[in-house]
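Colleague: Quick one: this structure, given as structure tokens, is what I'll be asking you about.
Any read-out appearing in this document is the output of simple, stated calculations on the displayed coordinates, not a laboratory observation. Since this is a predicted model, take the numbers as computed values, not measurements. Note that each Cβ is placed from the backbone with ideal geometry, even for glycine, and that neighbours are counted across all protein chains shown.
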Amino acid sequence: MLMPIGDDNSDRRLKPLINYLLIAANIFVFIFFQGLGTNEKFTYAFSTVPEEIVSGKDVVTEDQMYEDPVTGERFRVSGLQPTPISVYITLITSMFMHGGFTHIFGNMLFLMIFGDNIENRLGHLRYLIFYLLVGIIASLAHVFVSVSLGSSTLIPSLGASGAISGVLGGYLLLFPKRRVRVVMFYQIMVVPAIVAIGIWFAFQLINGIGILGSSQGGGVAYGAHIGGFIAGLFLIKFFAIGRR
């Protein structure tokens with residue numbers, strides 16, 4: 001288990017206003033629109049649904065009743081809700097929603113640690129465009145993987161993970177030797193970024209390959225993580241043109 005807790009910001013000259021704004025926007029949506037994860041109607045209306053992206057049509061489904069095989073308890077899961085905007089815009093809105101406290105905490109921790117360095121290199125506007133673009137590509141990668149594997153295309157996906165994966169890809173290419181503080185083996189260690197991010201990517205890749213033989217996929221959109229990371233690797237040099 002590896003968890004980053006900080007990195008070297010000694011060369012940072014630009015206040016990461018966009019990064020702060022992105023973090024604030026994610027938290028704001030989670031609290032006030034998602035009701036701390038309890039407002040399923042909103043969440044299932046603005047998440048990315050692969051079937052909607054492929055068909056271009058809004059899909060609405062009925063609520064479903066499920067029974068816990070262990071406790072026998074029955075509970076209701078909301079169906080897909082009407083999307084009051086173009087279904088393609090959900091490629092962006094889904095980037096600002098999360099499934100729970102652990103989900104948003106982990107994503108915002110990674111964004112806070114690694115995003116400011118990318119913004120410092122790219123500048124405010126370029127960083128914002130880069131973040132949104134790799135996030136969209138990550139969501140499209142998830143749609144492609146879901147269709148290719150024959151997984152259910154009606155399962156909505158959400159979260160900033162894809163965009164943050166793109167940030168990590170850019171960080172790895174720009175700052176491979178940057179010192180990153182991580183918690184690993186139950187102690188705090190300092191390792192190069194290529195080690196910290198490399199271990200993270202290896203985990204995504206192994207788990208992504210693991211779902212290839214399963215039509216069920218899983219609760220984590222590894223296709224989005226891998227797609228976003230690769231997009232960040234390929235695009236970061238382009239966005240950094242002319243920036244010292």
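Colleague: Which FRET efficiency value, to the nearest 0.05, do you get for His124 and Phe238 by plugging their Cβ-Cβ distance into 1/(1 + (r/R0)^6) with R0 = 25 Å?
Modeller: 0.90
Colleague: Right, another one. What value, in deg cm²/dmol to 500, does the helix sum -39500 (n - 2.57) over DSSP H runs of n ≥ 4 give at 222 nm once divided by the residues of the chain?
Modeller: Helix contribution divided over all residues of the chain: -17000 deg cm²/dmol.
Colleague: Okay, moving on. First select every other residue whose beta carbon is under 15 angstrom from the beta carbon of Val190; then total the charges, Lys and Arg +1, Asp and Glu -1.
Modeller: So the surrounding residues net to +2.
Colleague: According to a simple spin-label model (label point 7 Å from Cα along Cα-to-Cβ), what is the distance in nm between Thr61 and Leu17?
Modeller: Distance between label points: 4.3 nm.
Colleague: Can I ask one more? With each label point set 7 Å from Cα along the Cα-Cβ vector, what nm distance links Ala202 and Ser152?
Modeller: 3.4 nm
Colleague: Of the listed peptides 159-171, 104-116, what is their order by residue-averaged count of other C-beta atoms within 10 Å, with the highest listed first?
Modeller: Sorting 159-171, 104-116 by mean packing, highest first, produces 159-171, 104-116.
Colleague: Stokes-Einstein D for the stretch 9-115 at 20 °C, 1.002 mPa s, Kirkwood Rh over Cα pairs, in µm²/s?
Modeller: Answer, rounded: 135 µm²/s.
Colleague: I need the helices of the chain that pass two filters: whole DSSP H segments spanning 18 Å or more by Cα along the axis, and mean Kyte-Doolittle score no lower than 1.0.
Modeller: For the chain, where a helix must reach 18 Å along its axis and average at least 1.0, the hits are 124-149, 161-174, 193-210, 222-239.
Colleague: First select every other residue whose beta carbon is under 14 angstrom from the beta carbon of Pro4; then total the charges, Lys and Arg +1, Asp and Glu -1.
Modeller: 0
Colleague: Excluding residues fewer than 8 places away in the same chain, name every one of the lysines whose C-alpha is closer than 18 Å to that of Lys237.
Modeller: Hits, sequence-local ones excluded: Lys177.
Colleague: If you take the alpha carbon radius of gyration of the stretch 1-65 and divide it by 2.2 N^0.38 Å, what ratio comes out, to two decimals?
Modeller: My calculation over the Cα atoms of the stretch 1-65 gives 1.69.
Colleague: Please work out the Cα center distance from the stretch 124-158 to the stretch 1-45, rounded to the nearest Å.
Modeller: Cα centroid to Cα centroid, the span is 18 Å.
Colleague: Taking the Kirkwood radius as the inverse of the mean 1/r across Cα pairs, report the Rg/Rh of the stretch 110-193.
Modeller: 1.07
Colleague: Once the mean 1/r over all distinct Cα pairs of the chain is inverted, what Kirkwood radius in angstroms do you read off?
Modeller: Taking the inverse mean of 1/r over all distinct Cα pairs, the chain comes out at 18.7 Å.
Colleague: Identify all aspartates and glutamates with a Cα-Cα distance to Lys15 below 17 Å; exclude those on the same chain that are fewer than 8 residues away in sequence.
Modeller: Asp7, Asp116, Glu119
Colleague: Right, here's the next one. Measure off 7 Å from each Cα along the Cα-to-Cβ vector at Leu36 and Tyr186, then give the distance between these two points in nanometres to one decimal.
Modeller: 3.2 nm
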